[in-house]
Amino acid sequence: MQNLLLAVDRFSTWIGKFFAWSVVGLTLLISWEVFSRYALNQPHGWVLDAQIMLYGTLFMFAGAYTLSKAGHVRGDVLYGFFKPRTQATIDLVLYILFFLPGIVAMTWAGWAYFNDSLAIREQTFNADPLPVYPFKFVIPFAGAVLLLQGLVEIVRCVICLREGEWPSREQDVEEVDVDKLKELMHVKDADIEALDKLVVKEGGK
């Protein structure tokens with residue numbers, strides 16, 4: 001079971017990192033359009049629509065990645081003091097009451113929007129139209145990936161309720177743990193205090 005949970009974590013991570021490259025495309029597109037508009041006096045009507053689509057794609061596919069890293073905003077002021085089983089109970093209730101209905105509805109509606117758009121070959125409304133239906137496919141696709149990751153998180157809650165501790169998850173970028181860093185570098189608080197005094201002393205000269 002743990003291997004399956006980690007496999008889904010890795011999938012969500014891969015999806016998130018793959019679509020994160022849209023930032024590069026977005027940056028290049030905006031830079032090129034600014035140059036073309038102001039230096040060459042040749043603006044393009046389709047660029048704004050393309051920017052919105054790229055940013056929307058980036059935003060949508062960040063959801064499952066962030067959830068796999070437990071990176072979504074949470075009220076840690078109280079939550080962090082609870083025991084793991086209490087945390088798992090709260091998470092499980094919230095997943096069932098809010099997450100599942102919302103994500104299932106988004107995925108279902110997104111699929112309907114995509115099919116309607118595909119049926120009429122929907123395009124943007126400007127002088128240089130772009131097809132909209134590929135972008136609308138992002139909604140059900142990202143929703144399905146997020147739903148899969150959410151189911152994994154629900155399983156993690158059940159495991160925590162049963163075993164009393166949270167199962168491990170895929171690690172990626174982490175914030176710096178100052179205490180761990182000091183331990184690895186063999187730095188003691190007394191050494192830091194002595195260095196601070198030296199800096200103050202040298203600065204006073």
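Coordinate-derived values only; no laboratory data. Please read these numbers as outputs of a predicted model, since none were measured by experiment. Glycine gets a Cβ as well: all are built from the backbone with ideal geometry, and neighbour counts include every protein chain shown.
What to note about this one:
- Efficiency of FRET from Cβ geometry, Val34 and Tyr55, R₀ 22 Å, rounded to 0.05: 0.85
- Cα Rg, Dmax (largest Cα-Cα span) when computed across the stretch 2-174, Å: 19.9, 65
- Net charge of the neighbourhood of His44, taken over other residues with C-beta under 11 Å away and scored Lys/Arg +1, Asp/Glu -1, is -2.
- Extension gain (nm, one decimal) between Ala127 and Trp108, 0.36 nm per residue minus Cα-Cα: 3.6 nm
- Once backbone amide H atoms are built at 1.01 Å from N, Thr124 has Leu130, Val132 as its partners under 5 Å, excluding neighbours fewer than 5 places away on the same chain.
- Between the stretch 3-59 and the stretch 93-144, the alpha-carbon center distance in angstrom: 18 Å
- Taking the number of Cβ atoms within 10 Å of each Cβ as an exposure proxy, the fewest-first ranking of Asp91, Asp128 is Asp128, Asp91.
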